[in-house]
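Here is the structure we will look at.
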Amino acid sequence: MPIALSPDLRSLLEEPNFAHLASLLPDGSPQSAPVWVGVEGDRILVATGEGSLKARNTKRDPRVSLSVVAMDNPYREAQLRGRVVERRPDRDLAAMDRISRKYTSADFPMRANPEQRVVLVIEVERARYHVLPFRHTPAKRG
């Protein structure tokens with residue numbers, strides 16, 4: 001059953017934070033890839049090529065999970081589980097460009113094979129948002 005995104009979670013997803021999308025390989029083992037995400041209502045959008053492993057995996061088994069960490073505070077994070085409920089063709093790269101502008105302030109530069117572009121639309125079924133009480137101050141090397 002899909003859930004609504006909380007304001008905190010929505011904010012984390014609308015900012016240019018990287019997410020890691022886990023999908024399932026044919027043998028059931030997980031495969032994870034860093035991705036850019038868009039938000040549409042309470043759904044998460046991931047634009048990719050039809051030949052990508054994430055696209056092939058989710059065509060066979062729509063279950064996915066995502067983890068997201070804030071770039072400005074890696075202790076502000078979320079874990080989400082859900083499923084790909086729609087696969088939209090993105091031949092004109094409209095969705096990919098919109099997401100790319102969020103992360104790079106420019107349209108997506110790789111324009112080859114636009115007929116292979118697809119947007120994975122993910123409905124979230126479970127979500128956990130958390131801010132840990134730490135400051136990111138890694139030790140200096142050497």
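Quick notes on this structure:
- Each Cα pair under 8 Å and six or more residues apart adds its separation to the average, and for the chain the resulting relative contact order is 29 percent.
- Residue exposure sequence - Arg135, Arg10 - by fewest surrounding Cβ within 10 Å: Arg135, Arg10
- Each residue in Met1, Met96 was given a count of other beta-carbon atoms within 10 angstrom of its own, and listing them fewest first yields Met1, Met96.
- Computed over segment 39-94, the ratio Rg/Rh where both radii use C-alpha atoms and Rh is Kirkwood: 1.01
- Legend: ranking of residues Arg98, Arg141, Arg60 from fewest to most surrounding C-beta atoms inside 10 Å; resulting order Arg141, Arg60, Arg98.
- Segment 37-98-segment 1-26 distance, computed between alpha-carbon centres (Å): 8 Å
- Here's the list of lysines a cross-link from Lys102 could span, going by alpha-carbon distance under 23 Å and ignoring same-chain residues fewer than 8 apart: Lys54.
- One equal scatterer on each Cα of segment 7-129, no solvent, Debye formula: the resulting log10 I(q)/I(0) at q = 0.19, 0.20, 0.21, 0.23 Å⁻¹ is -1.04, -1.15, -1.25, -1.45.
Computed from the coordinates by the stated procedures, all read-outs in this text should not be read as laboratory data. None of the values given here were measured: they were computed from a predicted structure. Reconstructed Cβ throughout: ideal geometry from the backbone, glycine too, with neighbour counts over all protein chains shown.
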